[in-house]
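The values are calculated or read from the model by the stated rules, or taken from the named source; none is laboratory data. Here the structure is a predicted model, which means the values were calculated and not measured. FYI the Cβ positions are ideal-geometry reconstructions off the backbone, even for glycines, and counts take in every protein chain you see.
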Amino acid sequence: MNAQHAWQVAAFVILPYVALTVFVVGHVWRYRFDRFGWTSRSSQLYERRLLLIGAPLFHYGTLLAILGHATGLLVPKSWTTALGVPESAYSAFSKVAGTTAAVLVVIGLAVLTVRRARSDRVRAATSRIDWLAIGLLWAMIGLGVGVTVGYNVLGPGYDYRETVSLWMRGIFTLSPSVSDISAAPWIFQVHATMAWLFLALFPFTRFVHFWSAPVWYLTRPFVLYRRRRGEVVLSPGESRGWRTFGRSSAGPRL
Ligand code: HEM
């Protein structure tokens, strides 16, 4: 094994498995020993204006990027071909979706980073691990955008589904192909390496709030606001508590 090969095995085989192990064990550890710290440690009370601009852009952009990664990296090319999706249509769609994600994530992260650096109160609530995570995010996202916009949209283009995706799926089937990822341009390799480092750090950051997204908001009953003007007169059997959407006012109290 020559020196370069050893380096590639470290980056493309050992690092992914170490990162995945730290990711899983780290979450279990955090949940068991720091359950009260399992939060985004919201700083909304310190500054609202920039947060209300940056947070939605960053979150929707990241969601779109995650969906794009899941499709491009985990779904084999033969499946989309079998479904009748021509390569040209797939490539055009992924350029549009990838560029949209890239623009949203970059603007969102820029606003959030400026907010964190410029507001004294938000900066005081930012730990060293937050800055490390932000630095890694910038490196990873900068390279990801370089890949999508610089390489695939404005540049010569590169079909990463023939190399990077094969290596990625090999990690989950315990047969990662170093030669496949090594055949990809360096920017893809460094982007993926940064992503593993970020995933290893993830369980120890405020990003754990990702798993606590309030999806149940979609099915919860409406929030009832009542004026405190005068006495509230309740009909017989009516309760003051929550009512499930669609129930009559005399329905059971929740
Ligand atoms: C090992 C894991 C990862 C691999 C192999 C990977 C690979 C890729 C590839 C191949 C692209 C180009 C997609 C295209 O042009 O159609 C890309 C773009 C991008 N990546 Fe990653 N990525 C990984 C993890 C991440 C993570 C954790 C993030 C964090 C949010 C991220 C953020 C981005 C962004 C923002 C783009 C540009 C927008 C887009 O195309 O979605 N990547 N990545």
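Among (1) more than 9 Å from the ligand (Cβ to nearest atom); (2) closer than 23 Å to G54 by Cα, there is one condition T100 misses while meeting the rest; what is its number?
(1)
Pairs under 9 Å by beta carbon, first residue farther than 24 Å from L136 by Cβ and touching a residue at least 12 places away in the same chain (Cβ under 8 Å) in the stretch 91-109, partner near the ligand (Cβ under 8 Å from one of its atoms) and among the small types (G, A, S), six or more apart or different chains?
Hits for this filter: S94/G68; S94/G72.
Could you tell me which of the residues G61, G108, G84 is modelled with pLDDT of 90 or more and within 9 Å of the ligand (Cβ to nearest atom)? Talk me through it step by step, then tell me what you get.
Working: G108 fails: within 9 Å of the ligand (Cβ to nearest atom); G84 fails: within 9 Å of the ligand (Cβ to nearest atom).
So the residue among G61, G108, G84 that is modelled with pLDDT of 90 or more and within 9 Å of the ligand (Cβ to nearest atom) is G61.
For D159, are the conditions met, namely being in contact with a helix residue (DSSP H, G or I) (Cβ under 7 Å, 6 or more places away or on another chain), surrounded by fewer than 19 Cβ atoms within 10 Å (Cβ to Cβ), at negative phi and of a type in the set (D, E)?
Details: in contact with a helix residue (DSSP H, G or I) (Cβ under 7 Å, 6 or more places away or on another chain): no; surrounded by fewer than 19 Cβ atoms within 10 Å (Cβ to Cβ): yes; at negative phi: yes; of a type in the set (D, E): yes.
Here the answer is no, as D159 does not meet what is asked.
Here is a yes/no grid of residues against (1) among the acidic types (D, E); (2) more than 10 Å from the ligand (Cβ to nearest atom); (3) in contact (Cβ under 8 Å) with a residue 12 or more places away in the chain; (4) not in a helix (DSSP H, G or I):
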position: R116; (1), (2), (3), (4): no, yes, yes, no
position: V122; (1), (2), (3), (4): no, yes, yes, no
position: I129; (1), (2), (3), (4): no, yes, yes, no
position: L132; (1), (2), (3), (4): no, yes, yes, no
position: G135; (1), (2), (3), (4): no, yes, no, no
position: W138; (1), (2), (3), (4): no, yes, yes, no
position: N152; (1), (2), (3), (4): no, no, yes, no
position: G155; (1), (2), (3), (4): no, yes, no, yes
position: Y158; (1), (2), (3), (4): no, no, yes, yes
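Would you pick out the residues in the stretch 94-132 that are of a type outside the set (A, V, I, L, M) and under 17 Å from G144 (Cα atoms)? Step through it out loud before you land on a result.
The initial filter retains those residues of the stretch 94-132 that are of a type outside the set (A, V, I, L, M), namely 94-95, 98-100, 108, 113, 115-116, 118-121, 123, 126-128, 130-131.
Within the stretch 94-132, S94, K95, G98, T99, T100, G108 meet the criteria.
Exactly one condition in (1) more than 8 Å from the ligand (Cβ to nearest atom); (2) in contact (Cβ under 8 Å) with a residue 40 or more places away in the chain is false for L166; which is it?
In the conditions (1) more than 8 Å from the ligand (Cβ to nearest atom); (2) in contact (Cβ under 8 Å) with a residue 40 or more places away in the chain, L166 misses (2) alone.
Conditions first: (1) surrounded by 15 or more Cβ atoms within 10 Å (Cβ to Cβ); (2) modelled with pLDDT under 95; (3) in a helix (DSSP H, G or I); (4) among the aromatic types (F, W, Y). F93 passes all but one, so which condition is the exception?
(1)
Identify, from the list S175, S179, the residue that is closer than 20 Å to T21 by Cβ and free of Cβ contacts under 8 Å to residues at least 60 places away in the same chain.
Values: S179 fails: closer than 20 Å to T21 by Cβ.
So the residue among S175, S179 that is closer than 20 Å to T21 by Cβ and free of Cβ contacts under 8 Å to residues at least 60 places away in the same chain is S175.
Taking into account only those residues within the stretch 170-182 that are surrounded by fewer than 17 Cβ atoms within 10 Å (Cβ to Cβ) and either within 11 Å of the ligand (Cβ to nearest atom) or hydrophobic (A, V, I, L, M, F, W, C) (or both), which is nearest to Y90 (Cα to Cα)?
For the stretch 170-182, the residue satisfying everything is F172.
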